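Shown next, in C-alpha cells, is the structure this report addresses.
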Amino acid sequence: MSKPWLAQYEAGVPAEINPGEYNSLVDLLDQAFREHARRDIAAFMEVRWTFAQVDEMSRALAAWLQAQGLSKGARVALMMPNVPQYVVAIAAVLRAGYVVVNVNPLYTPRELEHQLKDSGAEAIIILENFAVTLQDVIARTSVKHVVLASMGDMLPGLKGPLVNFVVRHVKKMVPAFSLPNGGPIKVTTFKKALSQGASGKYTRPTLTPNDVAFLQYTGGTTGVSKGATLLHSNVVANILQNEAWFKPELAKLGNQPLVAVCALPLYHIFSLTVCYFMGARMGSMNVLIPNPRDLPGVIKTLGNYRVNQFPAVNTLFNALANHPDFAKLDFSGLKVSMGGGMAVQQATAEKWRKVTGCAIVEGYGLSETSPVATANRLDNTDFNGSIGYPLPSTEVAILDDDGKHLAFGEPGEICIRGPQVMAGYWQRPDETVKVMTADGFFRTGDIGVMDANGQTKIVDRKKDMILVSGFNVYPTEVEQVVSLHPGVLECAAVGVPDEKAGEAVKVFIVRKDPTLTEASVAEFCKEQLTGYKRPKYIEFRNDLPKTNVGKILRRELRDEKKVS
C-alpha cells in the first residue's frame with residue numbers, strides 16, 4: 001500500500017525501525033542499566049534512585065521470584081500506583097522470565113478476581129493499601145505468592161518508617177486486611193523478598209522476541225475485560241518507534257539526562273511504554289506521581305524539577321492548565337507534551353500552550369498496539385484535531401465493514417498493521433479473529449478519515465455514534481464545540497432515546513463559570529453546529545465519571561435512565 005505520510009515526517013525520523021535490535025525487553029533493560037548506571041531513573045517524595053540501584057534491586061527480586069519455583073512464562077500481577085517499587089517490580093518480573101499482568105489498584109474485588117483468574121497469575125506484588133481487595137478473592141484464584149509492599153519501603157533512613165506510619169495511622173489509607181499466610185498461599189514483604197533475593201541465585205532467562213512480556217487488560221469499557229497479549233517484540237518495537245519519533249526534538253536539549261512526568265499510572269500501557277521503557281532506553285528520570293487527582297500535590301512535586309517531557313490525557317492537561325498555581329512553575333525545559341488516551345480538545349490545547357509555551361502533540365494508540373500507532377509531528381505548534389501520522393514501520397488503513405480500503409476523505413474504521421500489534425487476546429481466539437483482518441490489520445473500532453498526506457482524524461468510536469433521524473452525530477465533534485465555550489470546564493456528549501428522532505444528543509457539563517446557563521450553551525451550539533447535531537438536553541454536573549487514567553466514561557452517562 002502507498003504510504004503518503006512518509007513525506008510528512010520531521011527531518012531525522014526514519015521510515016522504518018529495526019525491531020530486531022533486541023531479542024527481548026530484558027536485553028534492552030540490561031543495556032539501559034549498564035549504560036546509564038550513574039543516572040537517576042526515578043524520583044519519589046524528593047528521593048531519587050539511580051539505574052544502578054534499580055538494576056541491583058530488580059535482579060534481587062527476580063532471584064527471589066525464581067526461588068519460588070515458578071516456571072518460565074508464569075504470570076505475575078502487579079497492583080500498585082506509581083511508587084518506586086513498581087519501577088523495580090516491572091524489571092524484576094521480566095528479568096526472571098515471567099509475564100507482567102498490570103492491575104489497576106482501584107479495581108473492585110469482582111474486577112480483580114476476573115483478571116487474576118483470566119490471566120492465571122500465580123504471584124502478585126501489591127501495595128498494602130489495596131490488600132483488602134485481594135483478601136476477598138485470593139482463595140478463588142491461582143495466586144500462591146504475595147509480595148506485600150508498603151509506601152515507604154524504598155525510602156532511606158527514618159523517612160520510610162515515618163511515611164508508613166503516616167499512611168497507615170494518620171491518613172488511614174490502609175484498610176484493615178487479613179491475607180491467608182500458610183498452606184498453599186505464602187505472604188512476604190517487599191523488603192524481605194529483596195533481602196532474600198540479594199543472597200540468592202539469579203539465572204538469566206533465555207527469551208525470544210516471540211515470548212509473552214505483558215498481558216495488558218483492556219479497560220472493559222467496551223465489554224468484558226480482555227488481556228492483550230503483548231510479546232517482547234511488540235513492546236520493543238513500540239519503544240524504538242517512539243524514540244525515533246521523539247528524538248529530533250529531544251536532541252535539541254543536548255545529551256543531558258531528561259526529566260519526564262510520570263503522572264499516568266504505570267499499569268496503563270501509554271505510561272508503561274513511553275515513560276518507563278522509552279525512559280530507560282534514553283536514560284531519562286521519571287518523576288513518579290502516585291495520585292494525579294491531587295492537583296496541589298502534583299504542582300508542589302513538579303516545582304522541584306525542570307521537566308522536559310509531559311505525557312498525559314486531556315483531563316489532566318485541562319485541570320492543571322486551569323489551576324492558578326500551575327502557571328507559576330518553570331516550563332523553560334518543557335519540550336514535549338504528548339496527549340493520548342482520549343481526544344485532546346482545542347480549548348485544552350490552547351490553554352496549555354498559553355500557560356506552558358509548549359504545544360500538546362496528540363498521538364493515538366491502544367493496549368492492543370503497545371500502544372502508540374500514530375502521532376502528530378513534535379514540531380507542530382497548532383492544534384489540528386488530528387491524531388497525526390503513522391509511526392515508523394506502521395501502516396494505517398481506513399477500511400469499510402467488508403475490509404475494503406476506502407479513499408482519502410471517506411470515513412471508515414481505522415486499522416493498524418505493524419510490529420507493535422499484539423499477538424491476540426489471551427486465550428480468546430474467538431475475540432481475536434473479530435479484530436484481525438486476514439492480512440494482519442488490527443481493527444480498532446474507531447471511525448476515522450485520512451487525508452491525502454496520510455494524516456488521520458478520529459470521527460468517533462462505532463458504538464458511541466449517535467443516530468439522529470438517520471444522521472450520524474459523533475460525540476467528539478459536539479464535545480469539541482461545547483468545550484470551546486469559555487464557561488465550560490469539561491463535558492461529555494451521549495445519545496439518549498428520543499420519540500421523534502430515535503436518538504437525541506445530551507451533553508453533560510462541568511462548569512468553569514458558575515453562572516453558566518443552559519440557554520447560553522444552547523445559543524453557543526446554535527452558532528457552531530447544524531440542527532441535528534445540537535444538544536437537545538443539557539445537564540450540569542459537579543464532575544464526570546472517569547477511568548483512573550482520566551478518560552471520561554460516556555457509557556456510564558449513556559446508561560443512566562434519567563434523561564434530563
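Could you go through segment 170-185 and let me know if any residue there is out of contact with any Lys or Arg (no Cβ under 7 Å at 6 or more places or on another chain), more than 20 Å from ILE126 (Cβ to Cβ) and either crowded, with 17+ Cβ neighbours inside 10 Å or without any contact (Cβ under 8 Å) to a residue 12 or more places away in the chain (or both).
Yes, segment 170-185 contains a residue that is out of contact with any Lys or Arg (no Cβ under 7 Å at 6 or more places or on another chain), more than 20 Å from ILE126 (Cβ to Cβ) and either crowded, with 17+ Cβ neighbours inside 10 Å or without any contact (Cβ under 8 Å) to a residue 12 or more places away in the chain (or both).
One residue is enough: does segment 278-295 have a residue meeting the conditions crowded, with 22+ Cβ neighbours inside 10 Å, out of contact with any strand residue (DSSP E or B) (no Cβ under 6 Å at 6 or more places or on another chain) and within 30 Å of THR432 (Cα to Cα)?
There is at least one residue in segment 278-295 that is crowded, with 22+ Cβ neighbours inside 10 Å, out of contact with any strand residue (DSSP E or B) (no Cβ under 6 Å at 6 or more places or on another chain) and within 30 Å of THR432 (Cα to Cα).
Would you be able to tell me the number of residues in segment 436-446 that are more than 21 Å from the chain's Cα centre (by Cα) and either of a type outside the set (S, T, N, Q) or not in a loop (DSSP other than H, G, I, E, B) (or both)? Talk me through it step by step, then tell me what you get.
The initial filter retains those residues of segment 436-446 that are more than 21 Å from the chain's Cα centre (by Cα), namely 436-441.
Narrowing further to those that are either of a type outside the set (S, T, N, Q) or not in a loop (DSSP other than H, G, I, E, B) (or both): 436, 438-441.
Within segment 436-446, residues that are more than 21 Å from the chain's Cα centre (by Cα) and either of a type outside the set (S, T, N, Q) or not in a loop (DSSP other than H, G, I, E, B) (or both) number 5.
Restricting attention to segment 352-371, and to residues there that are hydrophobic (A, V, I, L, M, F, W, C) and touching a helix residue (DSSP H, G or I) at 6+ places or on another chain (Cβ under 6 Å), which single residue is nearest to PHE214 (Cα to Cα)? So that I can check it myself, show each step before the final result.
Our first condition is that a residue be hydrophobic (A, V, I, L, M, F, W, C); within segment 352-371, this holds for 352, 355, 358-361, 366.
Among the residues that remain, those that are also touching a helix residue (DSSP H, G or I) at 6+ places or on another chain (Cβ under 6 Å) are: 352, 355, 359-360.
Values: TRP352: 33, VAL355: 37, ALA359: 32, ILE360: 29 Å.
Across segment 352-371, the extreme among qualifying residues is ILE360.
For (1) in a loop (DSSP other than H, G, I, E, B); (2) touching a residue at least 60 places away in the same chain (Cβ under 8 Å), each residue gets a yes or a no:
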| residue | (1), (2) |
| --- | --- |
| GLU368 | no, yes |
| ASP379 | yes, yes |
| TYR389 | no, yes |
| VAL396 | no, yes |
| ASP402 | yes, no |
| ALA407 | yes, no |
| GLN420 | yes, yes |
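For segment 425-479, give me each residue that is among the polar types (S, T, N, Q), buried (at least 19 other Cβ atoms within 10 Å of the Cβ) and within 30 Å of SER119 (Cβ to Cβ).
Passing the criteria: THR432, THR444.
Output the residues belonging to segment 281-334 that are more than 22 Å from LYS551 (Cα to Cα) and basic (Lys, Arg).
Within segment 281-334, ARG281, LYS300, ARG306, LYS328 meet the criteria.
In segment 348-365, which residues are surrounded by fewer than 23 Cβ atoms within 10 Å (Cβ to Cβ) and either assigned to a loop (DSSP other than H, G, I, E, B) or not hydroxyl-bearing (Ser, Thr, Tyr) (or both)?
Within segment 348-365, GLU350, LYS351, ARG353, LYS354, VAL355, GLY357, CYS358, ALA359 meet the criteria.
For SER58, which of the numbered conditions (1) closer than 20 Å to ASP211 by Cβ; (2) touching a residue at least 40 places away in the same chain (Cβ under 8 Å); (3) surrounded by 15 or more Cβ atoms within 10 Å (Cβ to Cβ) fails to hold?
(2) is the only condition that SER58 fails.
Values in this text are rule-based calculations from the coordinates and carry no lab data. What you see is a predicted model; the values in this text were computed from it and never measured. Positions of Cβ are backbone-derived with ideal geometry, glycine not excepted, and every protein chain shown enters the neighbour counts.
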